[in-house]
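These notes are about the structure you will find just below.
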Amino acid sequence: PYFIASAVYDPDDYVIFSFGNDGVSAGHYNWVYCSTLGSATPGVLTAKQAAAGCMAADDWSEVTVVGGVKPTAGTNLPGLVYDTANKKVILFGGYGPGPGAPASETWAYDVPTKTWVNRSPSNGPTFASSPAGIVGTPLTYNSNDGKVYLHNPASSPETWTYDYRTNTWTRLCTSCGPANPTTIAFDAKNNLLVGLGYGGAGQLEGWEGGLG
């Protein structure tokens, strides 16, 4: 995977999972990287890595997902996080081919069973590209409360959370945070969202979002 995919680390199965367009017209979207660094037997895959689709140690392997089902949109620069409480990769946002129009789908991927499920929540954000044309999906996982956080760069920036257990999105604030975020991360020690945003030509903005 080398083009406009996104990747996340799964500590339960010891793989990096990548999803997104690899630039090949036929489409090769699902990949895992299978490190044996620091393992008891370097160079030898674990049973969990093999179940995740790993074919070779310390290399990338393309994954054949169950039924060929994968997110129908969001194949370019989607937001990916790993939910350690529910042991799922959560996907939101991204763009159609090109990248084209932003997507607003919420999916969960189970690494051991190689299965994508469209969660289709009854509510949620309408994902919007940054007003400055910055592409990407500012998504992160809060390990303190077990929820996914999105900072949506809509015309009025807003922050949302997603709870996998209830399959519910909740809007926390509107007209808040950076208008042109490129990425956000969660600081567990200080209970903060940390954002990096576009501040104009040649400029970056750093933001902190305090959580209750």
Go through segment 160-212 and give me each residue that's assigned to a strand (DSSP E or B) and charged (D, E, K, R). D163, R171, D187, E205, E208
Those residues that are free of Cβ contacts under 8 Å to residues at least 40 places away in the same chain and of a type in the set (D, E, K, R), I need them from segment 64-116; list them, please. E105, D110
Scan segment 165-193 for residues that are surrounded by fewer than 17 Cβ atoms within 10 Å (Cβ to Cβ) and under 16 Å from the mean Cα position of the chain (by Cα) and jot them down. T183, A185
Close pairs from segment 156-179: first within 16 Å of N86 (Cα to Cα), partner of a type in the set (V, I, T) and open to solvent by 20 Å² or more (accessible area, probe 1.4 Å), Cβ under 6 Å, at least 6 apart: T161/T170
Are there any strands (runs of 3 or more DSSP E) wholly within segment 97-153 with 2 or more residues that are closer than 29 Å to L192 by Cβ, and if so which? 106-110, 139-142, 147-152
Tell me which of these V89 doesn't satisfy, since it passes every other one: (1) more than 14 Å from V8 (Cβ to Cβ); (2) open to solvent by less than 10 Å² (accessible area, probe 1.4 Å). (1)
Residue pairs qualifying under the 8 Å Cβ cut-off, at least six apart or on distinct chains, with the first in segment 44-63 being open to solvent by less than 80 Å² (accessible area, probe 1.4 Å) and in a helix (DSSP H, G or I) and the second being basic (K, R) and modelled with pLDDT of 95 or more, are A52/K114
Out of T161, T115, T126, sole residue that is over 26 Å from V15 (Cα atoms) and surrounded by fewer than 20 Cβ atoms within 10 Å (Cβ to Cβ): T126
Of the candidates V148, V135, the one satisfying the condition of being among the β-branched types (V, I, T), within 13 Å of G93 (Cα to Cα) and surrounded by fewer than 18 Cβ atoms within 10 Å (Cβ to Cβ) is V135
Can you name the condition, by its number, that N76 falls short on among (1) within 25 Å of T183 (Cβ to Cβ); (2) among the polar types (S, T, N, Q); (3) open to solvent by 60 Å² or more (accessible area, probe 1.4 Å)? (3)
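The values are calculated or read from the model by the stated rules, or taken from the named source; none is laboratory data. All of these numbers come straight from a predicted model, not from anything done at the bench. Heads up, the Cβs are rebuilt from the backbone with ideal geometry, glycines too, and the neighbour counts pull from every protein chain shown. Just so you know, the surface numbers come from the protein's heavy atoms only, side chains and all, with ligands and any DNA or RNA stripped out. Shrake-Rupley method; radii C 1.70, N 1.55, O 1.52, S 1.80 Å.
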